Amino acid sequence: MKRASNFLWFLGSVGVFALLLFGWHLIAQSGMVSRVYLAPPDKAFAAITNGFTGPNGLGSSMWATVQRMLYGWVLASMVGIVLGSIIGISAIARIYLQPMLEFLRPLPASAIVPLAIAFFGLSESMVLFVIAFGSFWPVLLAAVQGVSSVEPRLYEVARALNMSRRETIWKIALPNALPDIFAGMRIGLAVALVLTVVGEFVGGQNGLGLEILRASRQFQAPRMFGGVILLGVIGYSCAVIISNVERYLMRWRASR
Amino acid sequence: MSQSAVATSQAAPEICFDGVDLSLGGLEILKGIDLEIRRGEFICVIGPSGCGKTTMLRLIAGFHRATAGAVMHEGRAVNGPSPDIAIVFQDYGKALLPWRNAADNVALALEAMRVPKSQRADMITGFLGKVGLADHAQKFPSQMSGGMQQRLQIARALAQNPSVLLMDEPFGALDAMTRQTLQDECLNLVENMGTTVFFVTHDIEEAIYLGDRVVTLSPNPGRIADIHTVNLPRPRNQLTTREDPEFLRLRRVLFDFIQGH
């Protein structure tokens with residue numbers, strides 16, 4: 001029963017997607033927008049399939065983008081989890097660091113691009129720094145929240161068992177924070193994709209961002225749209241993968 | 001009282017409150033508490049809310065330090081939590097680790113006791129079996145009923161191999177049928193293991209049914225009003241024990257005491 005309705009929902013979402021494609025096709029066919037700017041869907045997909053492999057293909061650009069995004073995201077997540085746990089556990093650290101964090105947090109990551117260029121130049125490190133800076137905040141805040149919201153009763157259980165501080169953090173505070181950390185990492189990954197593209201635009205690093213920019217400057221609308229579609233594919237795949245990992249790790253909450 | 005408890009009752013008391021006062025944040029919670037608990041004894045504590053029942057339990061647990069006097073465990077002053085004293089909390093939903101299944105929740109106690117990993121599996125099976133959860137080792141707390149979760153918490157407490165078991169209204173949140181079943185299971189377990197029990201409850205009948213003695217507390221500040229010895233034969237029985245004239249007499253006395261407050 002549930003299976004069947006899930007399948008219907010899935011069919012529905014495929015239908016909406018097909019409808020959008022068809023609308024795009026109609027608008028492109030009607031000539032309302034110049035072909036120079038708007039490629040029809042079949043051309044866009046052809047640009048992907050024809051130009052995917054090879055040294056200058058979209059495939060290698062896509063791979064470069066995925067790698068850059070993942071490096072930045074993993075770096076941000078590791079630093080975010082460690083720092084967030086420390087801040088979440090220590091009330092003193094919270095008092096000292098909270099005002100500074102509240103000041104830094106709302107800064108748009110793209111605003112620090114010029115700063116990053118000043119420090120790192122137009123380099124791969126600059127792009128990585130910007131990605132990591134942007135996707136760091138959601139993870140950090142989630143970790144602080146998760147670690148500091150442990151049920152006090154669980155700390156009493158730990159005390160009654162004479163568990164060391166390290167054991168308490170490792171076996172109680174961190175697992176307690178896991179759902180929050182995952183939510184933060186999910187947001188962080190979306191931010192990382194955005195900043196990867198921004199970084200590639202600005203830093204001129206190889207990747208889908210630069211590919212799209214170049215195609216648009218050369219009036220290669222199909223290739224430009226192909227690049228955008230591939231970015232969408234990256235975003236969608238990441239969401240699917242992360243929610244499956246999440247469902248497995250958080251299976252203890254499933255029946256709530 | 002079990003056989004072994006009779007034999008060792010001459011030694012130092014398992015738990016001893018010696019003129020204990022406790023103030024928290026300038027507020028006098030307990031005053032002049034004197035109580036000796038023999039090894040293997042089942043002590044129940046009742047009293048109106050706010051009389052310091054749970055605070056007494058937390059003193060034995062080492063969560064609070066007496067402001068005056070001393071709490072002794074086997075002749076030594078309690079100055080912090082010890083794995084030899086296990087606690088079963090009322091709110092099982094908060095006291096279990098929701099991300100660990102039943103077996104791993106019991107494992108938490110064994111890990112804290114530094115039991116080698118190779119020995120844990122058999123012990124876990126044993127403790128889960130004792131509380132009737134042998135077939136539910138892989139279930140997470142969220143997949144268990146309240147009664148099962150409380151059984152799991154008892155299994156975790158037993159895994160500490162404690163000499164003293166502190167129970168803070170452990171069956172208060174359960175339905176009547178489950179509560180009676182767990183009362184009997186609990187009596188069986190602690191009798192077999194020779195564990196001393198300090199049992200806080202607000203249920204007069206439960207206190208009489210389980211206890212060797214029932215301590216009544218008066219509030220503001222909490223102090224011992226009276227100590228009643230329960231002269232009812234063991235093993236207790238949910239029907240005959242509760243119909244015994246002695247049971248009914250104690251029920252009347254304790255009911256009048258609670259009404260008086």
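The values are calculated or read from the model by the stated rules, or taken from the named source; none is laboratory data. Since this is a predicted model, take the numbers as computed values, not measurements. Counting neighbours? That spans all protein chains shown, and the Cβs are built from the backbone with ideal geometry, glycine included.
Pick out, from region A:65-181, the helices (runs of 4 or more DSSP H) lying fully within it that include 3 or more residues that are under 30 Å from residue B:63 (Cα atoms).
Because the criterion is at least 3 residues that are under 30 Å from residue B:63 (Cα atoms), the helices (runs of 4 or more DSSP H) in region A:65-181 that meet it are A:91-104, A:124-148, A:152-160, A:165-168.
Within region B:71-90, how many residues are crowded, with 17+ Cβ neighbours inside 10 Å, assigned to a loop (DSSP other than H, G, I, E, B) and within 11 Å of chain A (Cβ to nearest Cβ)?
Here the count works out to 5.
Tally up the residues in region A:20-49 that are part of a helix (DSSP H, G or I) and in contact with a His (Cβ under 7 Å, 6 or more places away or on another chain), please.
Matching residues across region A:20-49 total 1.
Condition test on residue A:108, is it at pLDDT below 95 and more than 24 Å from residue A:244 (Cα to Cα)?
Yes.
Which one of the conditions (1) in contact with a Leu (Cβ under 8 Å, 6 or more places away or on another chain); (2) small (Gly, Ala, Ser); (3) under 30 Å from residue A:146 (Cα atoms) does residue A:61 fail to meet, given that it meets all the rest?
(3)
Report yes if residue A:194 is more than 10 Å from chain B (Cβ to nearest Cβ) and either of a type outside the set (D, E, K, R) or touching a strand residue (DSSP E or B) at 6+ places or on another chain (Cβ under 7 Å) (or both), otherwise no.
Yes; evaluated as a whole, the condition is true for this residue.
For region B:94-134: of the residues being within 9 Å of chain A (Cβ to nearest Cβ) and outside any loop (DSSP other than H, G, I, E, B), which is surrounded by the fewest Cβ atoms within 10 Å (Cβ to Cβ)?
If we take residues in region B:94-134 being within 9 Å of chain A (Cβ to nearest Cβ) and outside any loop (DSSP other than H, G, I, E, B), then B:94 is surrounded by the fewest Cβ atoms within 10 Å (Cβ to Cβ).
Is it true that residue A:210 is more than 18 Å from residue A:41 (Cβ to Cβ) and either in a helix (DSSP H, G or I) or modelled with pLDDT under 90 (or both)?
The answer is yes for residue A:210.
Could you list, in sequence order, the residues of region B:54-70 that are farther than 18 Å from residue B:195 by Cβ and at the interface with chain A (Cβ under 8 Å from one of its Cβ atoms)?
Across region B:54-70, the qualifying residue is only B:63.
Yes/no matrix, rows are residues, columns are (1) farther than 12 Å from residue A:225 by Cβ; (2) in contact with a helix residue (DSSP H, G or I) (Cβ under 9 Å, 6 or more places away or on another chain):
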site: A:12; (1), (2): yes, no
site: A:16; (1), (2): yes, no
site: A:19; (1), (2): yes, no
site: A:24; (1), (2): no, yes
site: A:37; (1), (2): no, yes
site: A:41; (1), (2): no, yes
site: A:47; (1), (2): no, yes
site: A:52; (1), (2): yes, yes
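To keep it simple, each residue is scored yes or no on (1) surrounded by fewer than 21 Cβ atoms within 10 Å (Cβ to Cβ); (2) small (Gly, Ala, Ser); (3) within 22 Å of residue B:95 (Cα to Cα); (4) more than 14 Å from the chain's Cα centre (by Cα).
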{"residue": "B:142", "(1), (2), (3), (4)": "yes, yes, yes, yes"}
{"residue": "B:149", "(1), (2), (3), (4)": "no, no, yes, yes"}
{"residue": "B:166", "(1), (2), (3), (4)": "no, no, yes, no"}
{"residue": "B:178", "(1), (2), (3), (4)": "yes, no, yes, yes"}
{"residue": "B:192", "(1), (2), (3), (4)": "yes, no, no, yes"}
{"residue": "B:226", "(1), (2), (3), (4)": "yes, no, no, yes"}
{"residue": "B:237", "(1), (2), (3), (4)": "yes, no, no, yes"}
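Tally the residues that are over 18 Å from residue B:107 (Cβ atoms) and outside any helix (DSSP H, G or I), restricting the search to region B:135-170.
9
Filter region B:30-58 down to the residues that are over 22 Å from residue B:186 (Cβ atoms) and outside any loop (DSSP other than H, G, I, E, B), then identify the one that is nearest to the chain's Cα centre (by Cα).
Ranking the qualifying residues of region B:30-58, first place goes to B:55.
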